[in-house]
């Protein structure tokens, strides 16, 4: 009999012993444990709010507001991500801002700094080597330096022109190490100051929308009916004398779900929808072959002007007594120039 093959060595990553009930319990997160974590984080954030020096915060805000140049932010690690996000928030509010990587700054990017600029350092400890190395280089450029830190008596605060202390009781991390509470208060601080600057600069809703043209908010405040309507050459047009059955191709081929009834000078006389077609066919049967569009069209359709906001068109379509799928666009005096459809508005992102 041949010898049996050797048994495979057990993987160092596999524990063949079944976990005990206590171990399985430790691997699960109970609802109570999760609630307690959120409550603890809330308490730590409340500590920040109740201990924040608002006079220093006001000075910081005024410093940014009075900047004649660009407000730059920098940071390392998680604080760097926060600094970059706050910079992006200011940009979206029409405030000149930017993020400088500490490492890249020492390899040429610091060339963007001028004596008109403010450079804000975000750091929990205020003792990060990369930031401390950057300080004298930024000072040589003449920029005004502000540190935002959470540890008292740190080297960065001593080296900068001004420091804002963000009170931190402790991190939510059980070892008080992972930067989760500290970054949360950094974000709260920076974004709140950003909104204060927004108010001080009297930024309007239209200004904000112009910075977000691809978003739904921007589109709803920027796009007008004339920007999203179908133009005259795309319209399903007929006259009131045309026979209904002769206009079926026009009714169905233009993707509007209706016929727009006009006179020789393109004054809008009414509309005839595919719903009108079904109702007329049900009521008249074969008599539909003898009916003109003008005999059954809606002589009082909802309309809208080309300079109305596109979102207003959507609201008008959805208004009582019943929603509609389109609005003829008319110019003075009642001249048809286009049509806006619900499908077109939705496709435009409204």
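The values are calculated or read from the model by the stated rules, or taken from the named source; none is laboratory data. Please read all numbers here as calculations on a predicted model, not as lab measurements. Virtual Cβ from ideal backbone geometry, glycine too; neighbours counted across all protein chains shown.
Values as computed for the structure displayed
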| item | result |
| --- | --- |
| Members of the range 148-177 found to be touching a strand residue (DSSP E or B) at 6+ places or on another chain (Cβ under 7 Å), surrounded by fewer than 17 Cβ atoms within 10 Å (Cβ to Cβ) and touching a residue at least 60 places away in the same chain (Cβ under 8 Å), listed by number | 162 |
| Answer residue from the range 249-266, given it is touching a helix residue (DSSP H, G or I) at 6+ places or on another chain (Cβ under 8 Å) and not in a loop (DSSP other than H, G, I, E, B) and is surrounded by the fewest Cβ atoms within 10 Å (Cβ to Cβ) among those | 252 |
| Verdict on residue 205 being surrounded by fewer than 17 Cβ atoms within 10 Å (Cβ to Cβ), modelled with pLDDT under 90 and on the phi < 0 side of the Ramachandran plot | yes |
| Residue that is nearest to residue 228 (Cα to Cα), among those in the range 324-343 that are part of a loop (DSSP other than H, G, I, E, B) and at pLDDT below 90 | 332 |
| Counted residues, the range 53-77 - those being touching a residue at least 40 places away in the same chain (Cβ under 8 Å) and either within 19 Å of residue 199 (Cβ to Cβ) or surrounded by 19 or more Cβ atoms within 10 Å (Cβ to Cβ) (or both) | 15 |
